[in-house]
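These notes are about the structure you will find just below.
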Amino acid sequence: MDYLGKTCPVCSQNFHEGDDVVVCPKCGAPYHRGCYQEKGKCLFTDLHQSKKSWHEVYDDDPTADNEETVKCFSCGTMNAENAIVCKNCGSFLSQSVSKHIRDDTDDESEDQDTREDFEGKIPAGPFSFLIDPMGGVAKNEDFDGVTAAELSKYVNANTQYYIPLFARIKKMNKSKINFAAFFFTGAWFLYRKQYLKGAIIALLYLIVELSSIFLVSAVSLPLYREANAAFAQTNLSHPMIGNYLSWAYDHYSFGGSMLILLPYLLYAFRFGICLFSGLTANRGYYQFCIRKTKLAKQRCADGDTMKAISEAGGVNTAIAWTFFACYVILYITSLFA
C-alpha cells in the first residue's frame, strides 16, 4: 500500500519514497522501522480493542468532508478532527494516543500480548516539555538547514533546555543569561567542546585571578596596613574607601590611589569576564552547534548522519574537570607562594 505523504505517528514526519516502513499487523498503522523499534509497540491500542483499522479512522483526507477541527494545545493551530499530529508543530492531537503513551502499561483491560515494555514515554500535559528531550519543539523544525532532531543529537546533554532556547533565538532573536557559563567561566565552554573560545576565556580569567592574588597581597595590602596605622593615630576607627584614597593620594600621589583601588578594579574585571561569558554563551553555542552539525553531516561517509552528529557533539566532562582541578591547584599554590 502507498504511504507516501502519510505521517509517522512517532517522529511526525511524512513518509517518502525509499523509507523503510513497517505496518502494525493488528490495525495497519504505518511507522518508520526505526521509530517502531524505538517505541517497541503500536501506539493505537484503542483500535486494537475496538477491532478497527487505522485506515478506517486515520487514513482519511484531513481536508475532505470534515468540517470539525481540533486545536493544538502546543501552538494553537486548528487541525482536522482526525489528524494525528499538528500540521504546524508536529505535536500529538489525538487524546487517545496521548493517553496510551502515558498509561498504557497500567491498563488492566488490555490483552496480554499487547502489553509490552514502553520505554521513553512522554506524559501529556502542560509540563511535558520538562521530560520531552526536544522541549516541545517539533523534530523536523528547521534551524538554518539543520533540523531540531539533528541539533538535539549534537547537544546531547540537557536538550530540553537548549532546543527550545535555540527556537526562541531563531524566531524572536531573544536569548537569556547562561548561569553555568557565568559561574564556571571557561570550564563551561570546554565542557561544551568550544575549545578555542573556552581556552581563551579560561586563560584570561586565570591570569587575572592569579595576578589579583599576587598584586593585592604584595602591593595593595601593605598600603592598607600602613593607612590603618595612620588612621589609628587620628582615632579614625571606621575608615571608608574615600579615606584610604585621600591618604594614598597625599602620600603616594595618583599611583598610590590606583594601588588602593586595585583589588576593586581586578574584581570588576573578573566579574566582567563572567558576565560576558554568561550573556553571550547561549547565542554563541547556538551558532556553534549549527556550524558543527552541518560539518558533521558533510563529513559523514557511511550515510548514518545521526550517528556522525552524535559522535561529533555532546560534552567533554573530563577536560572541564581537569581545568577546574588545575585552577584549584594554582589558586592554593599562589596563596603559599
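Counting residues that are β-branched (Val, Ile, Thr), which helices (runs of 4 or more DSSP H) fully inside the stretch 169-219 reach at least 2?
Details: elements: 179-183, 187-191, 195-215.
In the stretch 169-219, the matching helices (runs of 4 or more DSSP H) lie at 195-215.
Can you run down the residue pairs with Cβ atoms below 6 Å, 6 or more apart or on separate chains, where the first is in the stretch 8-26 and more than 22 Å from Ala138 (Cβ to Cβ) and the partner is at pLDDT 80 or above and surrounded by 15 or more Cβ atoms within 10 Å (Cβ to Cβ)?
Partner pairs satisfying both residue conditions: Val22/Tyr31; Val22/Tyr36; Val23/Pro30; Cys24/Cys42; Lys26/His48.
If you check Ile213, Ile201, Ile207, Ile241, which single one turns out to be at pLDDT 90 or above, out of contact with any Leu (no Cβ under 6 Å at 6 or more places or on another chain) and closer than 30 Å to Tyr331 by Cα?
Within the list Ile213, Ile201, Ile207, Ile241, the selection yields Ile201.
Search the stretch 296-320 for residues that are farther than 15 Å from Gly145 by Cβ and pair each with any residue that is acidic (Asp, Glu) when their beta-carbon atoms are under 9 Å apart and the residues are at least 6 apart or on different chains.
Short answer, once both residue conditions are applied: Met306/Glu150; Ala308/Asp302.
Return the pair list, or none, for Cβ contacts closer than 6 Å from residues in the stretch 165-186 that are in contact (Cβ under 8 Å) with a residue 40 or more places away in the chain to residues that are among the charged types (D, E, K, R), at least 6 apart or on different chains.
Ser175/Arg283
The values are calculated or read from the model by the stated rules, or taken from the named source; none is laboratory data. Model, not experiment: these values are computed from the prediction. Counting neighbours? That spans all protein chains shown, and the Cβs are built from the backbone with ideal geometry, glycine included.
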